[in-house]
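The values are calculated or read from the model by the stated rules, or taken from the named source; none is laboratory data. The structure presented is a predicted model; accordingly, all values stated were derived computationally and were not measured. Here Cβ is always computed from backbone atoms with ideal geometry, including for glycine, and neighbour counts include all displayed protein chains. Side chains included, ligands, DNA and RNA excluded: accessible areas come from the protein's heavy atoms. Shrake-Rupley method; radii C 1.70, N 1.55, O 1.52, S 1.80 Å.
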Amino acid sequence: MNDGRRVLIILPAWNEEDGLPSVLREIQAQLPYVDTLVVDDGSTDNTAAVARAAGSAVAQLPFNLGVGGAMRLGYRYAQQHGYDVAIQVDADGQHDPAYVPALLERLATGDADLVIGARFAGDGDYQVRGPRKWAMSLLSVVLSRITRTKLTDTTSGFRACNRPLIEFFARWYPVEYLGDTIESMVGAARSGFTVRQVPVAMRARTTGRPSASPLKAMVYLTRAGLVLLLAMIRRMPKELKAFAPGSPSYDASRRRTAEQLGRELTKA
Amino acid sequence: MQLSVLTSITGVLVLGYILELLRRQQLREKYAAIWLAIGLLVAPLGFVPNLLDPVAKSLGVASGASLVLFTGFVLVLLVSLHLSWETSRLEAETRILAEDVALIRAHLVQQGGYPSTSPRTEDSGAIEAQVKS
């Protein structure tokens, strides 16, 4: 399975048997040097079997834990199997694997631990309007201050992180609402990890429907605000210091990622 | 009928029920201890409802009954808060267990030691066709 490959794409999937095979095929065709892990988040359809038949590793949760729970499992898997880079990609085909090399290159420069694929940073024509847009821009302003970098799309689930952050996320990953995007980023930034973004274009989703109504957007704004507030005031577990920037473990695994990734990118 | 008859019977019945649950091992000791203590404290009040009147007066509460009502409310609040806390803890533990099960299963499938088709799959041929399509 893991024959010297160092990059893992984690796809949290919940009842995605329709879109998953084509997403996996596309990844395998465009990125032959990566492994994939489909986290079947308690699906009631054939998601796990379809993913296995398409040649992907599968971790099957016995019941639905939500995106955050599925991602935490993904990071634990990446940590256990010694991957140097973990990339989070939606299983519904919204995230174009063609941008994965861009994320990897940004990581390889060495000044980023977490790279976000941002939708409003120039590429593509993804648009949102009304209260949802206000919510997103408010989040961007606040999170840009926290991470001390310009972020335009903080709720993007298209992101890559290096080995030190895999170690960190395997031990600490928020599992509640918006924890997989907002709180994980705040927690990483507060612990000293560097967050950066690269522009990506987002595709229309092939399956499922986006939620959009003024009322829903207001609820979203409120919940996002609460998540943000909690993320800011929550105490980070003390034992995480051993893996945060500044620790010997961080320096060692960061060096390893840089070496492996450099080799990987020259090969590819 | 006197009020004390109603309250004393209720007190004794509740206390008896807690003991019975404990005897049948349906209550963990750590929870049972709280309820037993409450029961033992409250039961005498059932027989003599005026017992708390002097205490209530000194606290500025009109009567012992109001004081019992108030402390009862605070107590129920604390107990349900404690239960929420326990549930959060249990949920976190269940999550970790679920993750471990998934990791172990994924490992076993890779090693070829675990049947990889899910029980929900009735026709694996259909899935192959779906993947190839």
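Points worth noting:
- Per-residue shielding of B:101-112, expressed as the average number of other chain Cβ atoms within 10 Å of the residue Cβ, stands at 5.
- Both chains summed, the buried accessible area for B and A stands near 2300 Å², from protein heavy atoms and a 1.4 Å probe.
- Pairs of Cα atoms farther than 32 Å apart, the protein assembly as shown, %: 47
- The share of accessible area on chain A that comes from carbon and sulfur is 54 percent, using a 1.4 angstrom probe.
- Distance from the Cα centroid of the stretch B:1-66 to that of the stretch A:50-68 is 52 Å (rounded to whole angstrom).
- A 1.4 Å probe run over the protein chains yields, for the protein assembly as shown, 52 Å² of accessible area per residue, whole-number rounding.
- Put a plus charge on the Cβ of each Lys and Arg, a minus charge on the Cβ of each Asp and Glu, and nothing anywhere else: the dipole of the stretch A:7-267 about its Cα centre is then about 980 debye.
- Taking packing as the residue-averaged number of other Cβ atoms within 10 angstrom, the listed peptides A:8-18, B:71-81, A:59-69, A:250-260 run from highest to lowest as A:8-18, A:59-69, A:250-260, B:71-81.
- Student exercise, chain B dipole from Lys, Arg, Asp, Glu Cβ charges, in Debye to nearest 20: 300
- Fraction of accessible area attributable to carbon and sulfur, the stretch B:7-47 (%, probe 1.4 Å): 69
- Peptide A:38-46 is shielded by partner chain Cβ atoms: per residue, an average of 3 of them sit within 10 Å of its Cβ.
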